[in-house]
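Written out below as structure tokens is the structure these notes cover.
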Ligand SMILES: Nc1ncnc2c1ncn2[C@@H]1O[C@H](COP(=O)(O)OP(=O)(O)O)[C@@H](O)[C@H]1O
Ligand SMILES: [Mg+2]
């Protein structure tokens, strides 16, 4: 199963993605958690100690590896392979914690149009490999957009979860994402309500989200907030936030199996 998580900055994407990954892993699935947000912090949401995740370099920064795999050598303008071998990379360059393998994608600065470097080719191939060829459960934590997904790979995403909080801006972002997703051929787009405090928040989201199916809600939790300050993962805190994501996951799995 391939699940991508997106939404406006700060709404709780990483929190939801981290808990989802740990829940699947607890059930015995092999899980690849992919941090595709330039502001990468999925590691801490998974409960990976800083000393460990500091060791891994994002794939976007592995210039030498990209050059080796693509056969690029002569600098700008030289020929290189656009579909380099990448199937060994997830195992080689991940940090594993509680059954979840974390990969850091990073981002490659986009030059002018038509600029395509070995790092791009590597990232693109890797994304394709993760979404199309892998048997594992893949949970992808993305930025407030779906730029990482291109034509050809987007169709392989089983579900795009758009996280929204009670607030107009996050809902606007969600609607923009939905329309982009449709253009890319993503068939299943769902919303997840996050940081809700009361029934009024739940109703606000229900009323303002048009044409986007809601899978459920995650409540604002003081414990999660505190845990973040102390460097503890929300999954390990447990309680209602984890239960919220657990029921969202159950609904999602039921929908996808239908
Ligand atoms: N349900 C929640 N209850 C309390 N705090 C939360 C909740 N979800 C997220 N947060 C906090 O909000 C901040 C942003 O969450 P994060 O998951 O990193 O959002 P995003 O990935 O969308 O930017 C973090 O400090 C996080 O601990
Ligand atoms: Mg995040």
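The values are calculated or read from the model by the stated rules, or taken from the named source; none is laboratory data. As the structure is a computational prediction, the values presented were derived from the model and not from experiment. Here the Cβ positions follow ideal geometry from the backbone for every residue, glycine too, while neighbour counts run over all protein chains shown.
Observations on the structure shown:
- Selected residue (criterion: nearest to ligand 2 (Cβ to nearest atom)) from residues of region 191-204 that are surrounded by 14 or more Cβ atoms within 10 Å (Cβ to Cβ) and on the phi < 0 side of the Ramachandran plot: 194
- Taking the criterion of being in a helix (DSSP H, G or I) and more than 19 Å from the chain's Cα centre (by Cα), the residues of region 229-246 that qualify are 229, 230, 236, 237, 240, 243.
- In region 134-168, the residues that are within 16 Å of ligand 2 (Cβ to nearest atom) and either outside any loop (DSSP other than H, G, I, E, B) or modelled with pLDDT of 90 or more (or both): 139, 140, 141, 142, 160, 161, 162, 163, 164, 165
- Residue 45 vs. criteria farther than 25 Å from residue 168 by Cβ and surrounded by 24 or more Cβ atoms within 10 Å (Cβ to Cβ): yes
- Look at (1) in contact with a strand residue (DSSP E or B) (Cβ under 6 Å, 6 or more places away or on another chain); (2) under 18 Å from residue 162 (Cβ atoms) and you find that residue 46 fails only one, number (2).
- Counting only residues that are within 22 Å of residue 106 (Cα to Cα) and in contact (Cβ under 8 Å) with a residue 60 or more places away in the chain, region 147-158 holds 4 of them.
- Region 160-197, residues that are closer than 17 Å to residue 208 by Cα, in contact with a helix residue (DSSP H, G or I) (Cβ under 8 Å, 6 or more places away or on another chain) and free of Cβ contacts under 8 Å to residues at least 40 places away in the same chain: 166, 171, 189, 191, 193, 196
- Unique match (being in contact with a strand residue (DSSP E or B) (Cβ under 8 Å, 6 or more places away or on another chain), more than 16 Å from ligand 2 (Cβ to nearest atom) and in a strand (DSSP E or B)) among 214, 186: 214
- Those residues of region 11-39 which are within 11 Å of ligand 1 (Cβ to nearest atom) and either surrounded by 20 or more Cβ atoms within 10 Å (Cβ to Cβ) or without any contact (Cβ under 8 Å) to a residue 12 or more places away in the chain (or both), in sequence order: 11, 12, 13, 14, 15, 16, 17, 18, 19, 35, 37
- Hey, residue 113 at pLDDT below 90, over 29 Å from residue 25 (Cβ atoms) and either out of contact with any helix residue (DSSP H, G or I) (no Cβ under 8 Å at 6 or more places or on another chain) or assigned to a strand (DSSP E or B) (or both) or not: yes
- Some residue of region 138-151 being over 15 Å from the mean Cα position of the chain (by Cα) and surrounded by fewer than 19 Cβ atoms within 10 Å (Cβ to Cβ): yes
- Considering only residues in region 205-231 that are out of contact with any helix residue (DSSP H, G or I) (no Cβ under 9 Å at 6 or more places or on another chain) and surrounded by 11 or more Cβ atoms within 10 Å (Cβ to Cβ), the one that is modelled with the lowest pLDDT turns out to be 225.
- Cβ-Cβ contacts under 6 Å between residues 6 or more apart (or on different chains), taken from a first residue in region 214-243 that is within 10 Å of ligand 1 (Cβ to nearest atom) to a second residue that is assigned to a strand (DSSP E or B), are listed as 217/193; 217/196; 218/194; 219/196; 220/195; 240/219; 241/218.
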